[in-house]
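Below: the structure, in C-alpha cells.
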Amino acid sequence: MTSTDSTTTDGGVAPSEIESRVVKKVARRLIPFLILLYFVNYLDRTNIAFAKLTMSADLGMTETMFGLASGLFFVGYLLFEVPSNLALHRFGARLWIARIMLTWGILAAALAFVPNVGSLYFLRILLGIAEAGFFPGVLLYLTFWFPKKYRVRLMGLFLLTLPLSSALGAPLSAAIIQYGDGLFGLAGWRVMYLIEGLPAVILAFVVWFYLTDRPADAKWLTLEERTWLMKSMADEEKELGNAGHQSAGKTLRDPRVIGFGLVYFGITYGLYALSFFLPSIVAGFKQTFNTDFSLVETGLIVAVPYAIGAVAMVLWSRHSDKTGERMWHVAAPTLLGAVSIPIALYLDSPFTVMIAVSLTAVGVLCALPVFWYLPTTFLTGASAAAGIAMINSIGNASGFGAPYITGWLTDVTGNAKAGLWVVGAVMLCAAILVVVLAKRSSKPAQI
C-alpha cells in the first residue's frame, strides 16, 4: 500500500479517504451484480433437489440414481475447472463469464425436456462442463479489485448468495412445481427447469456490457481512483514475492493448494448433502412424524436453516476481519457442522431436527468466506488462476461424493442416518486439517 493508505495487515490504522471511497465504489458496482449471477448459478445447480420430489416418480428414479444424477454434474465440472479459470485469466472475466452463463443457461433450461434418466445424466454432465470456472473465476476476479484485508468481508457478502439462493430458491422452486404443473403442457418440475434456466441466458448479455476486466479499464472510476487502486494491487503482488508467481504446473503440485482443497472438500461435503437432500428430509417428516406439508410448505421449511445461516455468515465474516484471525474462524464452524448434522435425524420432533440442521447450515456457511481468504494470501496472477481452480476442483469432488454416497447409503440402510454420519466425519477431518495446515506453515502470514 502507499504511505498515505491504511496498514496492509488486518486491523490497525483506519483507511485513508481515497481508499475508503474506492473500495466502496468498486463494491457497490461489482458485488450486487456478482451476487445476482451466483444466485442464478447456484439455483440452476441445485434445483434438482426440488425437482426430485415429483421427478423421481415420473422417471422411475431410486435414491441412488438421484444421487448419481446430482453428482454427475461435478464430473465435467472438475475436469474443466482449471483450464476454464486459466482461460478467464487470459481472455478476461467479461468474455469468459458471459460465455459460461450463456452455455449453462441453455443446458439448464434443456433439462425440462429429458425423456429418461439416461438423458438426465448426460445433461447434468454437460451442465457441469458449461459451468466450470464460474465460481473460482469470480474469486479470481475479486482479487483483481480488492486489497486482501477487505476480502473476507466482501467474500462473505458474495457467498451470502449460497443461503439466499436456497432460502429464496427453495420456496420459489416448490411454488413453480406446484402451481406451474401443466403449463406449456409440461409437468411442474419440467416447468421449473425451463423458467429457472432462462435468466442465465439473459444475464450473459448483461455481463458483456456491464463487467470491467481490470481496474485500468474502469472508466466509472476517476483517474485518481484508478491510479490508487492499480498501485495498491501492484504493491500487494510485490509483497507476495516469487511464491505468488510460480508456474501453473508447480502451483497445482503445491502441498498447500492440495491441503486447502481437502479442507474445502470437507466443508462443501456438508453443503452439498444439505443442498441435495434437505428437501427430501423435510418431505420424510410425513412418515417419521406423521406430518403433511405441501410442496410450498416444504420449500418454506427448507428455507429456514439457510436464512439463519445467512445472518450468521455476515456476522462471522465481520468478526474475522475485525480480529484478523482466520484459522479458528474456519475450524470452529466446520466442527459445529460436523457435530450437529449426524444427530439431526435422531431427534424426536420436526422442530428439534430443524434446529440441528440449522446449526449445520450455520457451520458450513460461516466457514466458507473465511476459508477463501487463505489461498489468496499466497497465490497471485496465473498461479492464482490455477491454484484457486485446483482448490475448488478438489473441494467440489464432494459434489459428486456427498449426494451419491448419501443416496446409496439411504437405499442400502433404508434411512438417511448412515449418510449423515459420513457427512459429520468428513467435516470433522476438514476442521482438524485446517488447524494442522496453519500450525505447520513455515510462513504464518500465509495462513
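Remarks
- Surface composition of region 171-239: carbon and sulfur make up 68 percent of the accessible area, probe 1.4 Å.
- With protein chains left intact and a 1.4 Å probe, residues in the chain average 38 Å² of accessible area per residue.
- Ranking by accessible area, most exposed first, for 319, 329 with a 1.4 Å probe: 319, 329
- In this rough spin-label picture, where each label sits 7 Å from Cα along the Cβ direction, the residue 412-residue 290 distance is 3.3 nm.
- Residue with peak Gaussian network fluctuation, the chain [Cα springs, cutoff 10 Å], from 27, 174, 69: 27
- Charge dipole (Cα centre; +1 on Lys/Arg Cβ, -1 on Asp/Glu Cβ; no other charges) of region 169-306 amounts to roughly 340 debye.
- Solvent-accessible surface ranking, highest first, for 323, 161 at 1.4 angstrom: 323, 161
- Calculated mean residue ellipticity, 222 nm, the chain: -26500 deg cm²/dmol, from DSSP H runs (n ≥ 4) at -39500 (n - 2.57) each, averaged per residue and rounded to 500.
- Among 77, 433, 280 the positive-end extreme of the charge dipole of the chain (Cβ point charges): 433
- Kyte-Doolittle mean at least 0.5, axial Cα span of 27 Å or more - DSSP H helices of the chain: 63-91, 188-210, 255-283, 295-323, 350-371, 417-440
- Listed residues 292, 321, 213, most fluctuating in the chain (Gaussian network, C-alpha, under 10 Å): 292
- With Cα atoms as the point set, the chain shows a radius of gyration and Dmax of 21.4, 66 Å.
The values are calculated or read from the model by the stated rules, or taken from the named source; none is laboratory data. Treat the numbers as computed from the prediction; the structure is a model and nothing was measured. Backbone-built Cβ (ideal geometry, glycine too); neighbour counts: all protein chains shown. Note: accessible area is taken over every heavy atom of the protein model, side chains too, but ligands, DNA and RNA are not part of it. Shrake-Rupley method; radii C 1.70, N 1.55, O 1.52, S 1.80 Å.
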